[in-house]
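Below is one structure; the comments refer to it alone.
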Amino acid sequence: MHVHFEQNTSTRNDSTIHSLSWMGKVPDGLPDEGGGWKLNRSQYYMEGWLASGNAKGVVGVTFTTSHCRRYEAPPRSNFNLRGHRSEVVLVCWNEPYQKLATCDSRGVIFVWIKHEGRWSIELINDRNNQVTDFAWSHDGRMALICYRDGFVLVGSVAGQRYWSSMLSLENTTIACGVWSPDDQKVMFGTTDGQLVVMSSTGAMIMQISIAEGMEITSMAWSCEKFNMEEGETTGCHPDAQTKTEDNELNSATPKNHTLAVCFKYGTIFLLTNYDDFDPKVIHTMLTGVKMDWSNCGEYLVVGGFDRLPNLQCRNELRFYSKDGTLRHAISIPTQGKPLTALKWGHNDKRLFIAAGCNLYVAWVNKQIAPLYFLCQRATQTCIQQEKNAVKLPLPLRLRLGIQALFSPTVKSYIPDPFKLREFVSTTPPGNERLFCTMIRHGDETSGGHYTLYLEYLGGLVPLLKGKRASKLRPDFVIFDPKIKTTKGKSISFKILSTKKHKFSSYFFLICITILPKISEDWYNVYVDFISVVDQRTETGGRCGESSSNDSDTDISAEGCGSPRMQRRRRIKQFRAEKSNKLVEVTSNIWGTKFQLMGIASYLPESLGNVVYKTSLLHLQPRQMTITLTEVDGSSQALSRDPNFTPAGAPEDEEESCEYYILCSK
């Protein structure tokens, strides 16, 4: 077995990640004829969605891929789902029904469903009691909910309650629950080492103590998490009956599944059944143990941490076989925060690990790594960046193999903290949409300001700051996001020229200035960059001086050299000085016409205008006409994050001027 981590420091959040869940991606357009969608494992597990729940009560749904070739990106690669009012402690996909269950620390459960490209809450369950565990059945039709007070509930995927029971347990509580591989039984683990077995209809079967006085924290069977093969037997194919008979024969054949029972202080029992009196015991000697079976059911990954003398945590991963044999062990590269969640993905080719605010992605190869692959890994470590692979005097096939190792699993388009100015002044590649949230800080009368954040992985990445410049008229100023590094020195950027381009990236500049005037209580405004309009323009002015080749990446930093500490320092340095103005917005006294003026030398003097119209007595929808100046960034190398692989990038440039009407009731 060979395991290595991606060389990527961008997959992080602005709060602690508590839970992870992954599922494969079903095609957006399902056929109307031919029996519907059929599972193709080689394609289904190549792309998927990673759900994460964090301490800010936000659920992130992010697109992931395991292949390194060009792909058809979804219209939106990241969703930040809001609704919980406390920390999200559990997220769980239902793959057969493509639903997502989330639970917060107060016991509120939401079931989300995607409809027409948007996620909405389908069901809400609030019993005013803390939830200890939630589990979908393997066919996705039933849900099991365990509460701290001993109340257990089994319901349907549509929200119907099948049965519920208050387990009368003395001096103990229910800590976790799990479905049997055939969905005919449910098993509960208690805080004193007992195992309670009930039928799927609620009848008590057995109550046995497997480790007296030891708290059970989690349980998992070594079977597939969901039965995704059912679609192949329900189609109208000539051989559907033959497939059904084969599946019935296979289901009749007993399969040796293993039940893993994890205890609080790092001990794991491997049982062949719930009545196994001679389990195999694994002593991990780790704290805060998390575990998950691989999709094939042959490997159990166990993650935990050791507390160091400096109170930081050393996180470790260990891979065990079904008989308890240790197959592989590896430490997570960056230490500090304890491991909080782990989850297999992409048919056991990837492993997602959360530790604090960081998300780590491990590439897993169950076989012995060949020599050429180890050479590629050594070369990747030496060259550090994908662009350096082109300079290697190697045959094309070998060079492409090295470049493939740089392909990230978590796909998104996020800025380099040292190149924010370049990011906000350049069009996103391909057909990618950027979704943002704008938050107002402070009181408007006392000089409050606005910050525009990019949504990513359930968190927010700061982009721009704006402030009102006049108390009489709705005039605003947007500050330059340039980051200072050392004493008296700032980062220099390559300058953008103003030429023709298909899309403009200044739509969020308008949103950060105009939308607060339209509705003062719009704290969170979602910005869809695909709605940006273009206006053809020509400028004859000369742009300012540009930096030398890649000079913006050669930055000295003081203090700790840890990437995590450096990124934290960059976020703190986001506060721009008032003298570094990027754009000014002027308006008439009624706030119906706005003019965007470029202050920086590398921006055109006129960036566009906005006309806002309302009808008398509000009988007609409000209309906002936005006209923007095209800005071309193709003359320089984009500082795009390697986490994004653009797909469907247009080859033809459109030179026409368009206008976009925003209508709202």
* Would you pick out the residues in segment 292-306 that are within 20 Å of Gly336 (Cα to Cα) and either crowded, with 21+ Cβ neighbours inside 10 Å or of a type in the set (Phe, Trp, Tyr) (or both)? -> Val302, Gly303, Gly304, Phe305
* Just a yes or no: is a residue in segment 364-377 of a type in the set (A, V, I, L, M, F, W, C), surrounded by 14 or more Cβ atoms within 10 Å (Cβ to Cβ) and under 26 Å from the mean Cα position of the chain (by Cα)? -> yes
* Does segment 261-291 hold any residues that are within 24 Å of Val186 (Cβ to Cβ) and of a type in the set (Phe, Trp, Tyr), and which are they? -> Phe263, Phe269, Tyr274, Phe277
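If you take the residues of segment 618-636 that are among the aliphatic types (A, V, I, L, M) and at pLDDT 75 or above, which of them is nearest to Thr426 (Cα to Cα)? Can you show your working first?
Within segment 618-636, the first condition is being among the aliphatic types (A, V, I, L, M), and the residues that meet it are 619, 624, 626, 628, 631.
From what's left, at pLDDT 75 or above: 619, 624, 626, 628.
Numbers: Leu619: 39, Met624: 23, Ile626: 18, Leu628: 13 Å.
Result: Leu628.
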* Could you say whether any residue in segment 311-320 is part of a strand (DSSP E or B) and touching a residue at least 60 places away in the same chain (Cβ under 8 Å)? -> yes
* For segment 103-161, how many residues are touching a Gly at 6+ places or on another chain (Cβ under 6 Å) and among the aromatic types (Phe, Trp, Tyr)? -> 1
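Condition check ((1) surrounded by 19 or more Cβ atoms within 10 Å (Cβ to Cβ); (2) acidic (Asp, Glu); (3) over 23 Å from the mean Cα position of the chain (by Cα)) across all residues:
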| position | (1), (2), (3) |
| --- | --- |
| Val111 | yes, no, no |
| Ile121 | no, no, no |
| Thr132 | yes, no, yes |
| Trp136 | yes, no, no |
| Met142 | yes, no, yes |
| Ile145 | yes, no, yes |
| Asp149 | no, yes, yes |
* Cβ pairs under 7 Å, 6+ apart, first in segment 4-25 and under 12 Å from Thr64 (Cβ atoms), second of a type in the set (Ser, Thr, Tyr) -> Glu6/Thr409; Leu20/Ser52; Gly24/Tyr44; Gly24/Tyr45
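Would you pick out the residues in segment 352-404 that are assigned to a helix (DSSP H, G or I) and small (Gly, Ala, Ser)?
Filtering segment 352-404 down to residues assigned to a helix (DSSP H, G or I) leaves 371-383, 386-391, 396-404.
Across segment 352-404, the qualifying residues are Ala378, Ala389, Gly401, Ala404.
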* Return yes when Asp292 is part of a strand (DSSP E or B), acidic (Asp, Glu) and within 16 Å of Ser52 (Cβ to Cβ) and no when it is not. => yes
* To do: Can you give me the number of residues within segment 269-284 that are within 36 Å of the chain's Cα centre (by Cα) and closer than 17 Å to Gln194 by Cβ?
  => 4
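The values are calculated or read from the model by the stated rules, or taken from the named source; none is laboratory data. Predicted model, so just to flag it, every value in this text is computed and none were measured. Using ideal geometry, Cβ is built from the backbone for each residue, glycine included, and neighbour counts are taken over all protein chains shown.
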